[in-house]
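This report refers to the structure that appears directly beneath it.
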Amino acid sequence: MVTNPTIASNSLSPEAKPELPDPVVLALALEAPPLPDAPMERPGVAAQVGSVVAITIPFLGLIAAIILLWHTPFSWLNLSLFFGGYVVTTLGITVGYHRLFTHKSYKTTPAVAAILGVIGSMAVQGSILQWCSTHRRHHQHTDRPEDPHSPYAFGTSVGGMLRGMVHSHFGWFFAKSPPREVMQRYVPDLLADPVVPTVSRWFGLWAVLGQLIPAAIGLAVTQSLAGALMAWIWGGLLRVFFVHHVTWSVNSVCHLWGRRPFDSHDESRNNLIMGILAMGEGWHNTHHAFPASARHGLSWWEFDASYWVIRMLSWIGLARDIKLPSPARIEAKRRRPGGPASARN
């Protein structure tokens with residue numbers, strides 16, 4: 001196994017600390033000897049039903065919102081609940097699930113970690129432990145057969161790519177995967193954390209609260225059940241639908257379309273649209289080149305909302321040890337004219 005080299009302190013941020021070897025490598029290194037390969041298992045009936053519900057119910061919310069727009073007056077309240085919920089829960093995934101828990105890109109207090117875990121759970125993308133173990137597995141096997149959600153899983157023919165696009169977007173929820181005990185090898189550090197297992201265990205509660213809160217706000221403001229229903233549709237179902245598909249597009253779109261400014265040994269891409277909609281996660285090639293970096297948009301024009309939230313937390317003493325790649329490391333990883341045209345060649 002090849003570890004990531006240590007990355008020196010970066011002048012991009014005065015708070016930046018040297019980047020450590022990626023936690024993916026650290027977590028796997030704790031297993032000695034490595035666990036033997038286990039047969040892949042198809043998710044159980046309950047898991048498959050849960051996946052169907054998580055995918056279809058928000059879509060029905062989209063249909064309901066479109067239909068009801070013709071019969072109800074426009075509401076700034078509902079629009080605010082949608083956008084506010086979208087920003088908050090997306091940041092729960094990007095700043096919390098991804099950059100804090102999975103990649104240890106910075107450190108924070110237990111209270112902030114718990115809050116990020118709760119609002120990330122409200123995005124309804126699985127518990128912290130489940131999400132992080134799957135993502136670390138993705139980094140270990142990116143765009144190779146063991147990658148849980150690569151768009152190249154069925155080859156590069158037209159039909160294979162179409163199947164791969166669906167698979168990488170949401171079809172992988174129903175595909176075979178390693179059993180739980182094998183997936184836990186990816187998160188021994190999180191299992192030993194004083195906060196993560198508890199927040200992760202109560203994922204279902206946080207997901208339900210994410211639906212109840214906008215409905216309760218709608219009821220309190222409008223004093224009507226109809227107002228509560230509309231607030232739930234916009235701030236709950238519709239919000240989850242958009243958070244899901246934007247986040248899933250990082251798995252699918254950002255491995256198919258965009259720029260590859262850095263050598264990352266896979267097909268990850270920097271995609272401008274996803275960079276904006278996914279709060280900086282769309283600068284995906286940069287992330288795969290520097291997995292432990294708290295900043296994904298390294299160029300001045302690559303706006304990375306999640307990184308600036310981390311920086312703001314550092315300004316008030318709630319984030320520290322922010323990891324960024326050094327300028328020398330950035331240049332060393334940059335792809336040169338005349339270099340390999342594709343990581344798959």
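Report whether or not G210 is of a type outside the set (A, V, I, L, M, F, W, C) and either touching an Asp or Glu at 6+ places or on another chain (Cβ under 9 Å) or under 19 Å from L62 (Cβ atoms) (or both). Yes: the conditions hold for G210. Any chance you could count how many residues in segment 277-286 are touching a strand residue (DSSP E or B) at 6+ places or on another chain (Cβ under 9 Å) and over 8 Å from F262 (Cβ atoms)? Final tally of qualifying residues: 3. Among the residues of segment 175-196, some residue qualifies, meaning at least one is of a type in the set (S, T, Y) and touching a Cys at 6+ places or on another chain (Cβ under 8 Å). Of the residues making up segment 228-244, just one is over 30 Å from G280 (Cβ atoms) and in contact (Cβ under 8 Å) with a residue 60 or more places away in the chain, namely M230. For segment 131-168, the set of residues classified as closer than 24 Å to L100 by Cβ and touching a Lys or Arg at 6+ places or on another chain (Cβ under 7 Å) consists of P148 only.
Can you tell me which of (1) surrounded by 15 or more Cβ atoms within 10 Å (Cβ to Cβ); (2) of a type outside the set (F, W, Y); (3) under 18 Å from S268 (Cβ atoms) is the one Q184 doesn't meet? Result: Q184 passes all but (3).
In segment 294-316, is there at least one residue being modelled with pLDDT of 95 or more, in contact with a strand residue (DSSP E or B) (Cβ under 8 Å, 6 or more places away or on another chain), of a type in the set (V, I, T) and under 30 Å from L209 (Cβ atoms)? Yes; the residues of segment 294-316 include at least one that is modelled with pLDDT of 95 or more, in contact with a strand residue (DSSP E or B) (Cβ under 8 Å, 6 or more places away or on another chain), of a type in the set (V, I, T) and under 30 Å from L209 (Cβ atoms). Of note, W248 does not satisfy the criterion of being part of a loop (DSSP other than H, G, I, E, B) and surrounded by fewer than 23 Cβ atoms within 10 Å (Cβ to Cβ). Within segment 48-86, the set of residues being without any contact (Cβ under 8 Å) to a residue 24 or more places away in the chain and part of a helix (DSSP H, G or I) comprises V49, G50, V52, V53, T56, I63, I66, I67, L69, W76, S80, F83.
Yes/no matrix, rows are residues, columns are (1) of a type in the set (D, E, K, R); (2) more than 22 Å from S121 (Cα to Cα); (3) part of a loop (DSSP other than H, G, I, E, B):
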| site | (1), (2), (3) |
| --- | --- |
| A231 | no, no, no |
| G235 | no, no, no |
| R239 | yes, no, no |
| V243 | no, no, no |
| H265 | no, yes, yes |
| G275 | no, no, no |
| H287 | no, yes, no |
| L298 | no, yes, yes |
| E302 | yes, yes, yes |
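The values are calculated or read from the model by the stated rules, or taken from the named source; none is laboratory data. Since the model is a prediction, treat every value here as computed from it, not as a measurement. Here Cβ is always computed from backbone atoms with ideal geometry, including for glycine, and neighbour counts include all displayed protein chains.
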